[in-house]
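As structure tokens, the structure follows; a few thoughts come after it.
The values are calculated or read from the model by the stated rules, or taken from the named source; none is laboratory data. Given the structure is predicted, the values throughout are model-derived calculations rather than measurements. For neighbour counting, all protein chains shown are included, and Cβ atoms are generated from backbone atoms with ideal geometry for every residue, glycine included.
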């Protein structure tokens with residue numbers, strides 16, 4: 001039984017990898033932003049939760065506040081994020097997206113829409129929903145929320 005799981009999961013991973021390689025050209029416009037994976041991760045968290053403190057960012061990234069501050073410094077210098085003092089607690093720094101960060105996500109959203117129109121639209125809505133449900137279920141299994 002386990003050998004069947006292994007066989008099919010490996011085929012699934014290979015197909016995912018092939019799909020990712022085929023759409024990599026679509027993401028080339030994002031290369032002009034020249035972000036590291038940690039910088040991109042920080043930006044995605046800020047986008048997801050809007051204004052966050054450095055401490056909250058560190059908790060979400062599972063790194064120290066010092067590490068977040070180092071990453072944030074470069075991003076702030078390049079206008080991806082802005083930092084400001086929390087008026088409710090002057091000891092806290094609030095991090096939010098700046099113009100270049102917003103531009104990055106506008107570009108990413110446009111690319112995602114193009115991929116949906118070009119590739120995902122070839123699947124039926126029922127197939128998309130099934131794919132989503134299976135992926136969400138796998139996420140729950142991995143996070144222990146199932």
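Filtering segment 4-42 to residues that are surrounded by fewer than 14 Cβ atoms within 10 Å (Cβ to Cβ) and outside any helix (DSSP H, G or I) leaves 34, 36.
Checking 137, 79, 100, 114 one by one, the residue that is at positive phi and surrounded by 11 or more Cβ atoms within 10 Å (Cβ to Cβ) is 79 and no other.
Given the options 95, 54, 136, 63, name the one that is more than 25 Å from residue 32 (Cβ to Cβ) and in contact (Cβ under 8 Å) with a residue 40 or more places away in the chain. Residue meeting the stated conditions: 54. Looking for something in the same structural domain as residue 45 (by TED's automatic domain parsing), in contact with a helix residue (DSSP H, G or I) (Cβ under 8 Å, 6 or more places away or on another chain) and part of a helix (DSSP H, G or I) - is there at least one such residue anywhere in segment 75-83? Yes, segment 75-83 contains at least one residue that is in the same structural domain as residue 45 (by TED's automatic domain parsing), in contact with a helix residue (DSSP H, G or I) (Cβ under 8 Å, 6 or more places away or on another chain) and part of a helix (DSSP H, G or I). Filtered by the rule that a residue be surrounded by fewer than 12 Cβ atoms within 10 Å (Cβ to Cβ) and part of a helix (DSSP H, G or I), segment 56-69 gives a lone residue, 66.
Within segment 115-127, one or more residues are touching a residue at least 60 places away in the same chain (Cβ under 8 Å) and part of a loop (DSSP other than H, G, I, E, B).
For segment 43-52, does any single residue satisfy the condition of being closer than 16 Å to residue 103 by Cβ, part of a loop (DSSP other than H, G, I, E, B) and modelled with pLDDT under 95? No, that holds for no residue.
Here is a check on your reading of the model: is residue 7 free of Cβ contacts under 8 Å to residues at least 40 places away in the same chain, touching a helix residue (DSSP H, G or I) at 6+ places or on another chain (Cβ under 7 Å) and within 28 Å of residue 135 (Cβ to Cβ)? Criteria not met by residue 7.
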